[in-house]
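First comes the structure, then the notes that go with it.
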Amino acid sequence: MERIYLDHAATTPLDKDVLDAMLPYLTTEFGNADSPHAVGRKAMMAVDRARDTVAELVNAKPNEIYFTSGGTEADNWAIIGGAYAQRALGKNRIIVSAIEHHAVKEAAEKLKKEGFDVVVLPMNEGGRVALSDVKAALTPDTGLVAVMAVNNETGVVQPVKEIAALARENGSLFFCDAVQAAPYMPLNVKDWGVDMLSFSSHKFYGPKGCGVLYIRSGVKMDRLIVGGEQERGLRGGTTNIPAVVGLAAAYAKNVATMSASNEKIQRLRETFLSEILTLDNVHINGDSENALAAVLNLRFDGVRNEDLLYKLDLEGVCIAAGSACASASVKPSHVLTAMGLTEEKARASVRVSFGKNNTEEEIRRAAALMKAAVETLRKF
Ligand SMILES: Cc1ncc(COP(=O)(O)O)c(C=O)c1O
């Protein structure tokens with residue numbers, strides 16, 4: 001059975017050019033970047049080139065780019081490392097949005113248990129943060145504000161530049177999880193005005209287990225992972241050179257091909273919607289005027305998302321009920337409930353996420369199968 005993969009917000013396949021860039025570092029060029037000899041120096045040069053590439057593409061300096069084991073580590077580090085460093089400066093309050101990824105949400109919950117004053121920003125119905133809520137939450141003892149650029153379940157884009165400006169005026173750090181933005185929006189840390197920003201390689205056809213945390217120079221940060229002097233003494237652990245090389249190659253290709261991919265994905269979304277919206281009682285969750293084309297959150301009233309997901313899986317169509325990290329849990333999505341959906345409505349919602357390699361033909365077939373599956377499930 002030919003599978004139709006519509007879960008690109010969970011992960012993407014490795015690009016062949018990226019694999020080619022990585023292969024030497026998985027085979028002949030196996031050095032440890034910290035070894036003080038020729039084999040080590042070659043490895044270090046590869047890491048330096050990758051860092052330079054990423055820095056240039058996000059408008060940062062190379063020494064502001066830290067490689068991590070992925071988006072989760074980068075998010076944990078920004079929140080926990082940032083909050084601890086701010087506490088040392090006398091600031092005990094952190095503000096996070098209600099729709100953050102679990103990597104931010106649970107880091108903030110950990111800090112709350114440790115005595116930090118954690119404020120969770122509410123959402124409007126469309127899944128966006130209101131600037132008035134940010135203003136109301138900011139206090140002189142606010143050390144850190146975290147709002148993601150694009151939500152992973154709805155694709156809704158947040159007013160990051162405006163929130164960053166409010167945080168800056170208040171003397172608070174601003175962290176942006178840009179994991180879902182990176183594949184589709186040019187990242188520019190200076191223009192966005194962020195102090196920290198994370199993204200992850202496997203969302204743009206790079207290897208899994210590799211991410212970036214940008215930390216503006218001058219920002220005080222505690223270490224999250226101790227045990228080595230790598231990443232300028234701030235993140236211990238032997239550098240995963242093939243992954244770092246792959247991340248940089250994938251990100252460079254992603255930036256170079258972004259506008260063509262975005263146009264294609266926009267057309268695929270329109271094709272899909274033109275078919276699906278002919279069903280009764282189907283809704284798009286989230287403000288689609290302010291959402292990326294690649295992520296579509298649909299609600300089919302009267303259908304349980306897990307039933308739809310399993311039925312489509314049997315028919316070869318891969319979609320998600322929410323974020324991949326939470327898909328094994330039976331809880332309704334915290335993102336959708338924060339937007340005001342009832343638990344029942346949240347459980348009637350699925351996420352479809354398109355990719356640059358999907359074809360029109362696949363999209364038409366997936367939409368027809370989804371329509372038929374919804375009609376069948378509604379009969380029960
Ligand atoms: C918004 C967001 N942040 C963080 C992560 C975690 O990234 P990683 O899978 O690299 O740990 C994800 C992954 O789904 C995500 O969508």
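The values are calculated or read from the model by the stated rules, or taken from the named source; none is laboratory data. Computed from a predicted structure; not experimentally measured. Every residue, glycine among them, receives a Cβ derived from its backbone with ideal geometry; neighbour counts consider all protein chains shown.
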(request) Please find, within region 1-39, the residue that is farthest from the ligand (Cβ to nearest atom) out of those that are exposed (fewer than 15 other Cβ atoms within 10 Å of the Cβ) and of a type in the set (Asp, Glu). (result) Glu2
(request) Please verify whether region 329-351 includes one or more residues that are farther than 22 Å from Gly127 by Cβ and not β-branched (Val, Ile, Thr). (result) no
(request) Could you tell me whether any residue of region 244-257 is within 14 Å of the ligand (Cβ to nearest atom), touching a His at 6+ places or on another chain (Cβ under 7 Å) and either in the same structural domain as Met22 (by TED's automatic domain parsing) or touching a residue at least 60 places away in the same chain (Cβ under 8 Å) (or both)? (result) no
(request) Considering only region 48-128, give the strands (runs of 3 or more DSSP E) lying wholly within it that have at least 1 residues that are in contact with a Cys (Cβ under 6 Å, 6 or more places away or on another chain), within 16 Å of the ligand (Cβ to nearest atom) and acidic (Asp, Glu). (result) none
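Taking the stated definitions as given, is Thr68 touching a helix residue (DSSP H, G or I) at 6+ places or on another chain (Cβ under 7 Å), among the polar types (S, T, N, Q) and more than 30 Å from Asn170 (Cβ to Cβ)?
For Thr68, the condition - touching a helix residue (DSSP H, G or I) at 6+ places or on another chain (Cβ under 7 Å), among the polar types (S, T, N, Q) and more than 30 Å from Asn170 (Cβ to Cβ) - is not met.
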